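The values are calculated or read from the model by the stated rules, or taken from the named source; none is laboratory data. Since the structure is predicted, the reported quantities are computational estimates derived from the model, not experimental observations. Every residue, glycine among them, receives a Cβ derived from its backbone with ideal geometry; neighbour counts consider all protein chains shown. Please note that ligands, DNA and RNA were not included when accessible areas were found on the heavy atoms of the full protein model with its side chains. Shrake-Rupley method; radii C 1.70, N 1.55, O 1.52, S 1.80 Å.
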Amino acid sequence: MSSLHTSLAAALVAWLFYLLVLTVYRLFFHPLARFPGPAYAAVSRWHEWYYDVYLGGKLIFWIEHLHKVYGPIVRITPDEVHILDADLWETLYTKAGRVDKYQYMSPRFGNENSVLTTAPDALHRIRRNALNPFFSRQRIVDLQTIIKGKLDILIRKVQTAKTNGQPIVISRGFQAFAEDVIMNYTFAHDYDSLNKQDWKPILHDSFQAVSISGNMALQFPWIPKILNALPKKWLAKIEPLYDLIFRMQAIKALKSGMSDERIAKAGHTTILSELLRGDLPAEELSNLRLQDEAQLIIGAGLATTGWTLSLGIYYILSNPNVLHTLRKELNDAIPEANLRSPSQHLDWTKLERLPYLMGCVREAVRLSYSTTSRNARIFKTPIQFGDWSIPAGTPISMTIPFLNHNEEIFPNSYAFVPERWIGNPKAPNGSSLERYFVGFGKGSRSCLGINLAQAELYLTFAAMIRYFDLELFDTDKTDVDMAHDFFLPFPKLDSKGIRVLVKDDKLYQ
Ligand code: HEM
């Protein structure tokens, strides 16, 4: 045997020995060794690859199943536990104060330096503080004109579909709308996706591709690193959908989103111009950081809102009672309708006070699940859960859809019931139901864009139901039910989207 063969054999034996020792340690001596869960999950992460990469976003269903078998706390990977308990949510995400995220989760979209993917709390605080002012409630109220301008385009497109008599994929219209709004906010410029034929192709498609590949990037974090190092032209050839993201991230485009000229033309500052003028240290304004942050803000701004609108309109249109009650409330509240600028009669702050519309928005957010992948947090001190003391430093995760389907808190949880939110309702334990509304997350890592998202949801649902008579076309529950978790919820992959026929409009009344 040559010396090379001998060395290889020795390396193999050493590696197998290492695996054996690691397995014994993880099964019997690891701080989580006594926690419930299957042995294979305590030993390695390969099941995560199997469910999320091989089967395509199915780990969430596996976790759900494990809780049925093992109870409310389960060791789901060698170093992480997952918990199913509605009340612990507040303890972990709000009362525990400032906590770290789990670094392992950060590379999934190839933008580790964004506010969402920043694991250490101290750095997150700096990045988040720089963005907060731009998303304050007052700022969104002031910049409502951007949303309304885009909504008017959407309304005109839907009206054209009435004349054509052809069904439209309204979910694509919502995605294009959410995209144009957040692009404008961020860059004072957009790709005018609302005016594209059939709303194709749009940036949303590119972000969907990134979302789907994210489960793979989580398992093999070197993949996005290599891809990021390759020339963008090559990558655009391999996956043409990425091209729109690269165009948006190009430094020239980013910097022009901060230019005085563009701001003056648009009549409003942009997120990027605010970042530059803020007091962030120089390293926080590097090209890479800005690229990562822009990708996150655009992605977060378009995907969730577009999906919530799509799912919400499906449920409203498929429940005659809901549709009737909502339409009556809107007709009473908005007597005027004007073809030239329909959105001029809509005002977010007034719409928010309509109880039934509020209930519809809440239900749309609850059933659209926001982010479906588990939300892991790391604590500096041990966390007590029942008889279990979870060691400090352990990633502890919970999952939004599981709480949204807690039958004690949300009876008949799969049904769209706006009434459950009306009149300051209580949960069975006497707490306000609001406490369990976690659609926008809670605490220091909660949704930055909550005000923008709410403004878009209220204005768009109001416009669609007040001004149009829409009917679902060849669309059913399988087009909204979550079939895959790619960080965001995805229905069956061959869904054609939420399609509607525009039977009538009420814009001349
Ligand atoms: C219906 C619409 C939306 C829903 C349901 C939603 C939900 C959420 C949730 C649950 C989180 C926490 C994620 C986590 O813990 O990992 C989050 C974070 C975030 N969202 Fe939203 N979001 C929506 C719309 C928006 C919009 C329009 C923006 C605009 C830019 C936005 C920007 C962000 C950002 C930047 C974060 C990260 C915050 C941080 O880590 O400090 N979101 N969102």
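Within the range 326-364, being under 13 Å from Tyr458 (Cβ atoms), outside any helix (DSSP H, G or I) and out of contact with any His (no Cβ under 9 Å at 6 or more places or on another chain) holds for Leu346, Asp347, Glu352, Arg353, Leu354. For the range 365-392, residues that are assigned to a strand (DSSP E or B) and touching a residue at least 12 places away in the same chain (Cβ under 8 Å) total 8.
Kindly list, by first and then second residue, each pair from a residue in the range 451-466 that is of a type in the set (Lys, Arg) to a residue that is assigned to a helix (DSSP H, G or I) and open to solvent by 10 Å² or more (accessible area, probe 1.4 Å), limited to pairs with Cβ atoms under 7 Å and residues at least 6 apart or on different chains. Within 7 Å, the pairs are Arg466/Asn331. Selection of the range 420-469 for residues being open to solvent by 10 Å² or more (accessible area, probe 1.4 Å), within 29 Å of Gln175 (Cβ to Cβ) and more than 16 Å from the ligand (Cβ to nearest atom) yields Arg420, Asp469. Residue pairs whose Cβ atoms lie under 9 Å apart, separated by 6 or more positions or on different chains, with the first residue in the range 126-150 and closer than 19 Å to Val115 by Cα and of a type outside the set (Phe, Trp, Tyr) and the second in a helix (DSSP H, G or I) and open to solvent by 20 Å² or more (accessible area, probe 1.4 Å), are Arg128/Ser444; Arg128/Arg445; Ala130/Glu274; Leu131/Glu274; Pro133/Arg139; Pro133/Glu274; Ser136/Asn451. Does Lys492 count as of a type in the set (Lys, Arg), within 16 Å of the ligand (Cβ to nearest atom), in contact with a helix residue (DSSP H, G or I) (Cβ under 6 Å, 6 or more places away or on another chain) and at negative phi? Here the answer is no, as Lys492 does not meet what is asked. Criterion first (over 22 Å from the mean Cα position of the chain (by Cα) and on the phi > 0 side of the Ramachandran plot) does Gly110 satisfy it? The answer is no for Gly110. Scanning the range 23-59 for residues that are surrounded by 13 or more Cβ atoms within 10 Å (Cβ to Cβ), part of a helix (DSSP H, G or I) and in contact (Cβ under 8 Å) with a residue 12 or more places away in the chain yields Thr23, Arg26, Leu27, Ala41, Ala42, Val43, His47, Glu48, Trp49, Asp52, Val53, Leu59.
When each of Leu280, Leu302, Leu323 is tested for being assigned to a helix (DSSP H, G or I), touching a residue at least 40 places away in the same chain (Cβ under 8 Å) and surrounded by fewer than 22 Cβ atoms within 10 Å (Cβ to Cβ), the lone residue that passes is Leu323. Residues that are part of a loop (DSSP other than H, G, I, E, B) and charged (D, E, K, R) do not occur anywhere in the range 155-169. Residues in the range 421-475 that are among the polar types (S, T, N, Q), in a loop (DSSP other than H, G, I, E, B) and more than 16 Å from the chain's Cα centre (by Cα): Asn424, Asn429, Ser431, Thr475.
Scanning the range 179-235 for residues that are among the hydroxyl-bearing types (Ser, Thr, Tyr) and closer than 22 Å to Ala455 by Cβ turns up Tyr185, Thr186, Tyr191, Ser193. Does Ile140 qualify as being within 13 Å of the ligand (Cβ to nearest atom), within 27 Å of Ala209 (Cα to Cα) and in a helix (DSSP H, G or I)? Criteria not met by Ile140. For the range 338-355, how many residues are away from the ligand (no atom under 16 Å from the Cβ) and open to solvent by 10 Å² or more (accessible area, probe 1.4 Å)? Residues flagged as away from the ligand (no atom under 16 Å from the Cβ) and open to solvent by 10 Å² or more (accessible area, probe 1.4 Å) within the range 338-355 amount to 12.
Residue-wise test of (1) modelled with pLDDT of 95 or more; (2) over 28 Å from Trp388 (Cα atoms); (3) among the charged types (D, E, K, R); (4) away from the ligand (no atom under 11 Å from the Cβ).
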| site | (1), (2), (3), (4) |
| --- | --- |
| Pro78 | yes, no, no, yes |
| Ile83 | yes, no, no, yes |
| Asp100 | yes, no, yes, yes |
| Asn113 | no, yes, no, yes |
| His124 | yes, yes, no, no |
| Asn129 | no, yes, no, no |
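Of all the criteria given as (1) in a helix (DSSP H, G or I); (2) within 14 Å of the ligand (Cβ to nearest atom); (3) closer than 26 Å to Tyr25 by Cβ, the one not satisfied by Trp89 is (3). When Thr118, Thr186 are checked against the criterion of being within 11 Å of the ligand (Cβ to nearest atom), farther than 28 Å from Thr349 by Cα, crowded, with 19+ Cβ neighbours inside 10 Å and under 18 Å from the mean Cα position of the chain (by Cα), a single residue qualifies: Thr118. Among residues that are open to solvent by 30 Å² or more (accessible area, probe 1.4 Å), more than 11 Å from the ligand (Cβ to nearest atom) and within 26 Å of the chain's Cα centre (by Cα), Asn406 is included. The set of residues in the range 215-240 that are within 30 Å of Tyr102 (Cα to Cα) and either open to solvent by less than 30 Å² (accessible area, probe 1.4 Å) or modelled with pLDDT under 75 (or both) comprises Asn215, Ala217, Leu218, Pro224, Leu235, Glu239.
Considering every residue within the range 150-159, establish whether at least one is more than 30 Å from Lys492 (Cβ to Cβ) and open to solvent by 50 Å² or more (accessible area, probe 1.4 Å). Yes, the range 150-159 contains at least one residue that is more than 30 Å from Lys492 (Cβ to Cβ) and open to solvent by 50 Å² or more (accessible area, probe 1.4 Å).
The number of residues in the range 170-197 that are in a loop (DSSP other than H, G, I, E, B) and touching a Gly at 6+ places or on another chain (Cβ under 7 Å) comes to 2.
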